[in-house]
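The values are calculated or read from the model by the stated rules, or taken from the named source; none is laboratory data. Everything numeric in this text was worked out from a predicted model, so none of it was measured. Don't worry about glycine lacking a Cβ; one is built from the backbone with ideal geometry, like all the others, and counts go over all protein chains shown. The accessibility values were calculated without ligands, DNA or RNA, using every heavy atom of the protein model including side chains. Shrake-Rupley method; radii C 1.70, N 1.55, O 1.52, S 1.80 Å.
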Amino acid sequence: MSEHAIDRSKMKVSDEVAIQISAMNKWYGTFHVLRDINMTVQRGERIVICGPSGSGKSTLIRCINRLEEHQQGQIVVDGTELTNDLKNIDKVRSEVGMVFQHFNLFPHLTILENCTLAPIWVRKVPKKEAEETAMHFLRKVKIPEQANKYPGQLSGGQQQRVAIARSLCMRPRIMLFDEPTSALDPEMIKEVLDTMIELAEEGMTMLCVTHEMGFAQAVANRVIFMDQGQIVEQNEPKEFFNNPKSERTKLFLSQILGH
Amino acid sequence: MANASYVRDQMLPPQAPPVSEAGVVKWLRENLFSGWFNTILTLVGVVVIYWLVVSALPWWLNSVWNAESLSQCREIVAATAGEGATGACWAMIRERWHQFIFGFYPPELWWRPVMAFGLLFAAMAPVLFAGQKKNLTLILGAVGLFLLVTLGLAGAPMGGWIASLVLVGGLIALVQVMPGRLLWFTAIYPALCFWLLWGGSVWTPIVAMLGFVVMGGAYLALVGRLGPTASALIGVFLAVFWWLFLDIPITTALASMIGGGLDQVDSDQFGGFLLAITIGVTAITFSLPIGILLALGRQSDMLIVKTLCVGFIEFIRGVPLITLLFTASLLLQYFLPPGTNFDIILRVIILVTLFAAAYLAEVIRGGLAALPRGQYEAADALGLDYWRAQRLIILPQALKISIPAIVSTFIGLFKDTTLVAFVGLMDPLKGVTQIVRADIDWKGIYWEPYIFVGAIFFVICFGMSRYSMYLERKLKTDHR
Ligand SMILES: Nc1ncnc2c1ncn2[C@@H]1O[C@H](COP(=O)(O)OP(=O)(O)OP(=O)(O)O)[C@@H](O)[C@H]1O
Ligand SMILES: [Mg+2]
């Protein structure tokens, strides 16, 4: 994976609860897509969620910033419960950054404008300051020189790093990643993972749906395995990979690791 | 045995391509004679063009510009080109051009529509070429020049002439310092324009504009407590109330205290392109925002809003514009307080606007549907609320996709203004032409008025089309 040794000094998990999900259920029409989800995420935790296609991973993390609505149970993010109250939803969304599989950059805006839009309009940051912040994060993801280009002019890996920078510009306390590397070529996967590792090293709370098991082993402090809308198994990475308990997990791991 | 190793010891200089591969011959072969079918098409095309030119050319070449009547035209043609020759009689245009342009607008007041027309470009410029200092200066300069010449020709009073030139000069200066502020002029232009065209007390446009101030004020006062949608609705409601019930009494009261204004011109004196452009420009301006709101409403989760929008769109699209124009007075009378006598042009403008808005709503809906879901999700995930997401992310992209179709709708709308002939207004095509041909001098003239009117329509519509292509090129950022 990454060449440099991972610096774990700041990767501290605090007692403070970042996300609390209890007895949460969700249906799409009559289809019971998430079943009795219970989960607590502490501040500073790096959680990797994996599982077969259609198991509800995306749905779960999209519930955390209310891109999807749950019908039963409770989701509390940073002390704010997600209900139909729009104020709460806006509050949570401005605290939680999200990175999508297909980047979802705004193609009609330059990279810099992509990064400054939300801070200016949601956080009411002055334009100048927002641009400085944006350049700071673009340097961090190592593409400051692309600031005035349009998303269509960038490679996939570069676009995904812009998407990460765009989220970071809102100074989120939690980051959600939904398969951030699965639309990318191998050499681009690495540059995006490196960015994510750096983020983890700074102590960001991260929930990451990914099949990059190397990343999980290196960075995560917990791996959650989902199947058929349920959390089947969770454990710290070493245990999870070397000593899976459930048959389903074993089957999944053997498929994905190819042995 | 061949030697596998090879080294070029002499570089070849570039040579001109063979004749068949370059210039005219190559172009002809590839584009006109690439196969037997293409060759036949080319030959047929040449014959058709030849035939058209041969039959129409004498008519154009024998054009007569100076004559008193059609019969005199014919005599002149017969005298110069021989018996039986045909010739265009543009003398009619020379004598009657003003009816095609102004209808029966009083000649001593022509300067007012001329001024309104010139300033129209000054008002559109900051919207069409936002932030482009050089283009804005160029356009405003052209407007100044236009007004300098035409207002002089139209015999405008000194005061109006100087005022408009000072205004344009001021706008040019403003562009150099703060181009964004030019939009203020755009905002007050509608009131100024309607005052120039219809005349009346100075208070009429000011009080009418105050309706918008009421709308904005109500919105700003309430938005903190009620949220954007509810306060916008209340604002619109209050403004409509203002226009319907308070506007006229207040204007009358103010006018009786402090007089001053322009001579009134009645709607039935409007005609020709003055009428077409008044209806067209107003309808275009107002149909776009209404169309956007309808398109968003149609996508809304709120059942009532959605049903109303769908019902409105489908009703308007399902009924011919002429039917709407005919029933204009009846329909609007239902919704208005009894006793209001609604101006016929205003009535027509409202209906044409709504008609175009329904079409635009569908066009824009197409643009909205073309956007990937991810754009909505990314906007949501960043914490943008509905209206900001629409304004900053969704609409810019959806409208960009829809530019060609939107401009098509606008062009259609502009040409549809000729349908007002059916409700007795004097449109340039049918209304004015009919009047001209009713004159004993020009009885029997046929091609010339239609060609003249058609040419002006073409110039305007072609202009719109070119602008849309320019805009598409300018906004192209996807680099696909
Ligand atoms: N909008 C929707 N309406 C109905 N069913 C849906 C919808 N979105 C997802 N589903 C279904 O819900 C289930 C879970 O979907 P989800 O996208 O969460 O899976 P996933 O674990 O992310 O899979 P993948 O690895 O393929 O991304 C799937 O069976 C899917 O078909
Ligand atoms: Mg998924």
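Quick rundown of the values:
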{"quantity": "Boolean, A:Met39 is open to solvent by less than 30 Å² (accessible area, probe 1.4 Å) and either part of a strand (DSSP E or B) or within 16 Å of ligand 1 (Cβ to nearest atom) (or both)", "calculated": "yes"}
{"quantity": "Among the residues listed as B:Phe100, B:Phe121, B:Phe117, the single one being in a helix (DSSP H, G or I) and more than 30 Å from B:Trp442 (Cα to Cα)", "calculated": "B:Phe121"}
{"quantity": "In the stretch B:382-394, the residues that are hydrophobic (A, V, I, L, M, F, W, C) and surrounded by fewer than 19 Cβ atoms within 10 Å (Cβ to Cβ)", "calculated": "B:Trp387"}
{"quantity": "Near pairs, Cβ below 9 angstrom, 6+ apart or cross-chain, from the stretch A:45-64 (under 16 Å from A:Phe31 (Cα atoms) and more than 14 Å from every other protein chain (Cβ to nearest Cβ)) to any residue that is within 9 Å of ligand 2 (Cβ to nearest atom) and not charged (D, E, K, R)", "calculated": "A:Lys57/A:Val209; A:Leu60/A:Val209"}
{"quantity": "When residues of the stretch A:45-62 are limited to those that are away from ligand 2 (no atom under 13 Å from the Cβ) and in a strand (DSSP E or B), the one farthest from A:Thr210 (Cα to Cα)", "calculated": "A:Arg46"}
{"quantity": "From B:Gly87, B:Gly103, residue being free of Cβ contacts under 8 Å to residues at least 60 places away in the same chain, within 35 Å of the chain's Cα centre (by Cα) and not assigned by TED's automatic domain parsing to the domain that holds B:Ala455", "calculated": "B:Gly87"}
{"quantity": "Residue in the stretch A:70-86 that is surrounded by fewer than 21 Cβ atoms within 10 Å (Cβ to Cβ), within 11 Å of chain B (Cβ to nearest Cβ) and either touching a helix residue (DSSP H, G or I) at 6+ places or on another chain (Cβ under 8 Å) or closer than 24 Å to A:Arg43 by Cβ (or both) present", "calculated": "no"}
{"quantity": "Test: A:Val96 is away from ligand 1 (no atom under 16 Å from the Cβ), within 30 Å of A:Ile256 (Cβ to Cβ) and not charged (D, E, K, R)", "calculated": "yes"}
{"quantity": "Unique match (being of a type outside the set (Ser, Thr, Tyr) and within 16 Å of ligand 2 (Cβ to nearest atom)) among A:Asn65, A:Asn84, A:Asn88, A:Asn114", "calculated": "A:Asn65"}
{"quantity": "Meets criteria (in a helix (DSSP H, G or I) and either touching an Asp or Glu at 6+ places or on another chain (Cβ under 6 Å) or not polar (S, T, N, Q) (or both)) for A:Leu109", "calculated": "no"}
{"quantity": "Single unsatisfied condition, A:Glu95 versus (1) in contact with an Asp or Glu (Cβ under 9 Å, 6 or more places away or on another chain); (2) open to solvent by 10 Å² or more (accessible area, probe 1.4 Å); (3) free of Cβ contacts under 8 Å to residues at least 40 places away in the same chain", "calculated": "(3)"}
{"quantity": "Failed item, numbered, when A:Ser53 is tested on (1) surrounded by 18 or more Cβ atoms within 10 Å (Cβ to Cβ); (2) within 26 Å of A:Gln159 (Cα to Cα); (3) within 13 Å of ligand 1 (Cβ to nearest atom); (4) not aromatic (Phe, Trp, Tyr)", "calculated": "(1)"}
